[in-house]
Amino acid sequence: MYEDIGLEEAAYACGFRTYTHFSRLFKARFGMTPQDFRRSNEL
């Protein structure tokens with residue numbers, strides 16, 4: 001949700017080796033891409 005870091009950087013910080021893998025697992029769990037999630041939670 002925090003826009004001060006990029007989505008790829010957030011994925012790597014969480015221990016994922018690739019953003020693609022992170023995005024795929026995120027979508028399977030939450031039903032939307034990380035980018036869509038970020039957009040839907042904008043303040």
Tell me whether region 12-34 contains one or more residues that are at pLDDT below 90 and among the aliphatic types (A, V, I, L, M). no
Could you grab me the full set of residues in region 10-43 that are in contact with a helix residue (DSSP H, G or I) (Cβ under 9 Å, 6 or more places away or on another chain) and among the acidic types (D, E)? D36
Any residue in region 14-33 that is in contact (Cβ under 8 Å) with a residue 24 or more places away in the chain and of a type in the set (K, R) sitting within a Cβ distance under 8 Å of a residue that is surrounded by 13 or more Cβ atoms within 10 Å (Cβ to Cβ) and in a helix (DSSP H, G or I)? List the pairs, counting only those 6 or more apart or interchain. none
Are there helices (runs of 4 or more DSSP H) fully within the chain with at least 1 residues that are in contact with a Pro (Cβ under 7 Å, 6 or more places away or on another chain)? List them. 7-13, 19-30
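The values are calculated or read from the model by the stated rules, or taken from the named source; none is laboratory data. Because the structure is predicted, anything quoted here is derived from the model rather than measured. Reconstructed Cβ throughout: ideal geometry from the backbone, glycine too, with neighbour counts over all protein chains shown.
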